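The values are calculated or read from the model by the stated rules, or taken from the named source; none is laboratory data. What you see is a predicted model; the values in this text were computed from it and never measured. For neighbour counting, all protein chains shown are included, and Cβ atoms are generated from backbone atoms with ideal geometry for every residue, glycine included.
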Amino acid sequence: MRPNGGRIAAGQKTLEVRRWYPDIDPSEDLLIVENGRFLHQEGDEDADGIAVAIVRVKAVRPFVLADMQAACGTYFEEGWLAWELTEIRPVTPPVIVRAARGIYEVDFLLPDTNQVCQLK
């Protein structure tokens with residue numbers, strides 16, 4: 001949700017915090033799509049999502065209180081997972097794509113390259 005995708009693209013937010021493990025290999029690229037509203041239920045989508053960065057998830061581990069700054073967090077609760085984001089590459093200019101819950105595949109045109117990418 002905005003503005004956290006932009007914080008990831010800027011390198012300010014290097015941890016994503018979730019309750020679930022991502023089904024992605026550390027060698028795979030993950031597209032960060034920022035959206036303007038919470039997607040609460042499975043099947044919720046936002047047609048106005050914005051692709052802001054391509055990252056890799058190096059590791060997944062328990063989220064601890066000391067992670068708050070790296071996660072740009074304002075609230076801590078036990079039981080969450082910290083996804084360690086690496087190889088952060090901003091998508092410039094950002095591209096409008098569909099935002100949905102979870103990890104899903106999306107095709108989009110990389111700006112300035114005219115290259116179509118399929119990313120999770």
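The figures follow:
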quantity: Residues that are surrounded by 21 or more Cβ atoms within 10 Å (Cβ to Cβ) and outside any strand (DSSP E or B), drawn from the stretch 44-65; calculated: F63
quantity: Per-region count, the stretch 5-18, residues surrounded by fewer than 19 Cβ atoms within 10 Å (Cβ to Cβ) and either without any contact (Cβ under 8 Å) to a residue 12 or more places away in the chain or within 20 Å of P94 (Cα to Cα) (or both); calculated: 5
quantity: Filter result for Y21 (exposed (fewer than 13 other Cβ atoms within 10 Å of the Cβ) and out of contact with any Ser or Thr (no Cβ under 9 Å at 6 or more places or on another chain)); calculated: yes
quantity: Matching entry among I54, I50, I24 (being farther than 16 Å from R2 by Cβ, in contact (Cβ under 8 Å) with a residue 24 or more places away in the chain, touching an Asp or Glu at 6+ places or on another chain (Cβ under 9 Å) and not charged (D, E, K, R)); calculated: I54
quantity: Residue list for the stretch 74-99, filter: of a type in the set (G, A, S) and surrounded by fewer than 18 Cβ atoms within 10 Å (Cβ to Cβ); calculated: G79
quantity: Residue match in the stretch 66-85 (condition: under 22 Å from L110 (Cβ atoms), assigned to a strand (DSSP E or B), touching a strand residue (DSSP E or B) at 6+ places or on another chain (Cβ under 8 Å) and touching a residue at least 40 places away in the same chain (Cβ under 8 Å)); calculated: yes
quantity: Residue within the stretch 13-28 that is small (G, A, S) and outside any strand (DSSP E or B) present; calculated: yes
quantity: Odd one out for R2, checked against (1) in contact with a strand residue (DSSP E or B) (Cβ under 6 Å, 6 or more places away or on another chain); (2) at pLDDT 90 or above; calculated: (2)
